[in-house]
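A short reminder: the numbers here are calculations on the coordinates, not readings from a lab. All values reported here derive from a predicted model rather than from experimental measurement. Here the Cβ is made from the backbone with ideal geometry for all residues, glycine too, and neighbour counts use every protein chain on show.
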Amino acid sequence: MYSFSRNTLSLISLVLSFAGTSQVYAADTTSGTLMGTDGKSHGTVTVTDAPKGVLLRIVAEDLTPGWHGMHFHEKGSCTPPKFTSAGGHVHAVTPVVHGLLTPNATDAGDLPNLYVAKDGTATVELYSTLVSLHGAGGRPALKDTDGSALVIHTSPDDYVSQPIGGAGARDACAALN
Ligand SMILES: [Cu+2]
């Protein structure tokens, strides 16, 4: 019995020493179903926390071909068909100044446009340094108390027009809670 305890202690200290020296980041990931205006699943959205931002992966089908504006919205709620339940864009300060090509922009929900192929599919992985999953680095947290959503709009984002780059209505929404 004494010997068992001693071995257990050694094992614990060995695990602790590995944990203390490890430089590998454990994957901290959240995902949601991408819902269309028809209320059906059109794919999956996955967000992984990274040391200086988040990785966003979208695997989608049955969307309208062409370029679409896309943003992180402030609430983890996707009620079809209009998805207004997702609220405005994720932000830390007001007024929210939108646009990746706008000087002094403050819109933390800004993302590049999504291209949907002629067969209606989109498969992409991209990176945003404007947000975090839990608030790291002072960047707004996607997984705050009311979550967030990834919204795909009808039209492309011109990255300068206020308040959403002329991206128009909301075609699809994935709640991230
Ligand atoms: Cu938007």
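Looking only at segment 150-176, residues that are within 22 Å of GLY66 (Cβ to Cβ) and in contact with a Gly (Cβ under 6 Å, 6 or more places away or on another chain) come to 12 in all.
Could you count how many residues in segment 136-173 are of a type in the set (A, V, I, L, M), more than 16 Å from GLY32 (Cβ to Cβ), within 12 Å of the ligand (Cβ to nearest atom) and buried (at least 16 other Cβ atoms within 10 Å of the Cβ)? Explain how you work it out, then say what you get.
Pass one, segment 136-173, residues of a type in the set (A, V, I, L, M): 136, 141-142, 149-152, 160, 164, 167, 169, 172.
If we keep only those that are more than 16 Å from GLY32 (Cβ to Cβ) as well, we get 136, 160, 164, 167, 169.
With the extra rule that they be within 12 Å of the ligand (Cβ to nearest atom), the set shrinks to 164, 167, 169.
Now drop any that are not buried (at least 16 other Cβ atoms within 10 Å of the Cβ), which leaves 164, 167.
Of the residues in segment 136-173, 2 are of a type in the set (A, V, I, L, M), more than 16 Å from GLY32 (Cβ to Cβ), within 12 Å of the ligand (Cβ to nearest atom) and buried (at least 16 other Cβ atoms within 10 Å of the Cβ).
On the given criteria, is ALA105 in contact with a Pro (Cβ under 9 Å, 6 or more places away or on another chain) and outside any strand (DSSP E or B)? Break it down into steps so the answer makes sense when it comes.
Values: in contact with a Pro (Cβ under 9 Å, 6 or more places away or on another chain): no; outside any strand (DSSP E or B): yes.
Considered against the rule, which asks whether it is in contact with a Pro (Cβ under 9 Å, 6 or more places away or on another chain) and outside any strand (DSSP E or B), ALA105 comes out as no.
Of the residues LEU100, LEU133, only one is of a type in the set (A, V, I, L, M) and within 21 Å of ALA169 (Cα to Cα); which?
Details: LEU133 fails: within 21 Å of ALA169 (Cα to Cα).
None of the others qualify; the one that does is LEU100.
Can you tell me which residue is farthest from the ligand (Cβ to nearest atom) among those in segment 71-97 that are more than 14 Å from the chain's Cα centre (by Cα), within 17 Å of ALA174 (Cα to Cα) and among the small types (Gly, Ala, Ser)? Taking the candidates together, the pick is SER85.
Just wondering, is there one or more residues in segment 90-99 that are touching a strand residue (DSSP E or B) at 6+ places or on another chain (Cβ under 9 Å) and either without any contact (Cβ under 8 Å) to a residue 12 or more places away in the chain or more than 17 Å from GLY165 (Cβ to Cβ) (or both)? Walk me through how you get there before you give the answer.
Let us first name the residues in segment 90-99 that are touching a strand residue (DSSP E or B) at 6+ places or on another chain (Cβ under 9 Å), namely 90-91, 96-99.
From what's left, either without any contact (Cβ under 8 Å) to a residue 12 or more places away in the chain or more than 17 Å from GLY165 (Cβ to Cβ) (or both): none.
So far as segment 90-99 goes, no, none of its residues is touching a strand residue (DSSP E or B) at 6+ places or on another chain (Cβ under 9 Å) and either without any contact (Cβ under 8 Å) to a residue 12 or more places away in the chain or more than 17 Å from GLY165 (Cβ to Cβ) (or both).
Quick one: in segment 98-117, which of the residues that are among the hydrophobic types (A, V, I, L, M, F, W, C) and away from the ligand (no atom under 11 Å from the Cβ) is farthest from ILE58 (Cα to Cα)?
Quick first cut of segment 98-117, residues among the hydrophobic types (A, V, I, L, M, F, W, C) only: 100-101, 105, 108, 111, 114, 116-117.
In the following step, the residues that additionally are away from the ligand (no atom under 11 Å from the Cβ) were identified as 100-101, 105, 108, 114, 116-117.
Working: LEU100: 20, LEU101: 23, ALA105: 25, ALA108: 19, LEU114: 9, VAL116: 11, ALA117: 13 Å.
In this case the residue turns out to be ALA105.
Select from segment 108-120 the residues that are part of a loop (DSSP other than H, G, I, E, B) and either among the aromatic types (Phe, Trp, Tyr) or more than 19 Å from the chain's Cα centre (by Cα) (or both) and list them in ascending order. Answer for segment 108-120, where residues must be part of a loop (DSSP other than H, G, I, E, B) and either among the aromatic types (Phe, Trp, Tyr) or more than 19 Å from the chain's Cα centre (by Cα) (or both): ALA117, LYS118, ASP119, GLY120.
Residues in segment 103-129 that are in contact with a Gly (Cβ under 7 Å, 6 or more places away or on another chain) and over 28 Å from PRO81 (Cβ atoms): ALA105, TYR127, THR129. Only residues that are in contact with a strand residue (DSSP E or B) (Cβ under 7 Å, 6 or more places away or on another chain), outside any strand (DSSP E or B) and over 13 Å from LEU114 (Cα atoms) were counted across segment 165-176, and they come to 2.
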